[in-house]
Amino acid sequence: DKWKVFRNASAAMDMLGIQSNSLAVLDALLSFYPENELGQDAKLIVFPSNTQLALRAHGMAGSTLRRHIAVLVEAGLIVRRDSANGKRYARKDGAGKIESAFGFDLSPLLARSEELAMMAQQIMADRAALRKAKESLTICRRDVRKLISAAMDEGADGDWQAIEEMYVALVGQIPTVPTLGKVTALLEDLQMLHNE
């Protein structure tokens with residue numbers, strides 16, 4: 001299904017090095033392919049004009065459109081099939097079937113569909129792991145905060161002011177854009193502080 005492949009490419013856009021505007025162009029290109037399934041036996045070439053493509057890409061400017069087409073080609077998601085004069089068109093036989101077409105070849109999407117699916121699964125797994133690590137960090141941070149506050153209120157033995165300072169220093173290291181590695185490292189440090 002072309003839209004499933006598109007969703008996988010969308011999920012893996014960071015790994016592919018493409019932006020949302022490039023995805024808008026890819027979406028527009030896929031909309032010119034009449035079938036829902038990208039078949040190996042079919043000609044996977046679409047041949048819209050830049051004007052038609054810009055309209056389906058939400059009114060994108062011509063220069064922006066050309067730049068994002070180049071990004072998609074560089075990312076290996078589409079291939080240009082240029083005619084001798086650089087125009088995009090299809091030549092049909094007497095029965096109306098396309099004999100040859102010049103435009104954008106979508107076959108790399110079909111060839112990379114499994115790779116894109118694996119990339120998307122990896123991204124989803126990474127997001128789930130990060131979400132779980134952030135939740136664990138929040139719970140541990142709350143627990144340590146409660147322990148320190150309770151110990152200070154009750155006057156328990158120990159240098160709670162120093163522990164409070166270590167806690168504040170660790171919490172201050174929590175990044176605004178967290179990564180799994182950073183969150184995991186901070187969680188381990190907070191758990192060590194909790195165990196002390």
Out of ASP143, ASP157, which single residue is farther than 15 Å from THR179 by Cα and surrounded by 12 or more Cβ atoms within 10 Å (Cβ to Cβ)?
ASP143
Can you find even one residue in region 61-69 that is more than 23 Å from the chain's Cα centre (by Cα) and under 17 Å from LEU30 (Cα atoms)?
no
Considering region 11-24 alone, what residues qualify as being surrounded by fewer than 17 Cβ atoms within 10 Å (Cβ to Cβ) and hydroxyl-bearing (Ser, Thr, Tyr)?
SER20
Answer yes if at least one residue in region 113-123 is in a helix (DSSP H, G or I), within 16 Å of the chain's Cα centre (by Cα), of a type in the set (Ser, Thr, Tyr) and closer than 30 Å to LEU72 by Cα, and no otherwise.
yes
From the options GLU135, GLU35, GLU99, residue that is under 30 Å from GLN191 (Cα atoms), of a type in the set (Asp, Glu) and over 18 Å from the mean Cα position of the chain (by Cα)
GLU135
Condition check for PHE47: in contact (Cβ under 8 Å) with a residue 12 or more places away in the chain and touching a Pro at 6+ places or on another chain (Cβ under 6 Å)
no
Which of (1) crowded, with 17+ Cβ neighbours inside 10 Å; (2) at pLDDT 90 or above; (3) under 28 Å from GLN121 (Cα atoms) is the odd one out, the single condition LEU44 does not satisfy?
(2)
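The values are calculated or read from the model by the stated rules, or taken from the named source; none is laboratory data. The model shown is predicted, which means the values in this text are computed figures rather than measured ones. Methodologically, a virtual Cβ is constructed for each residue, glycine included, from the backbone with ideal geometry; neighbour enumeration extends over all protein chains shown.
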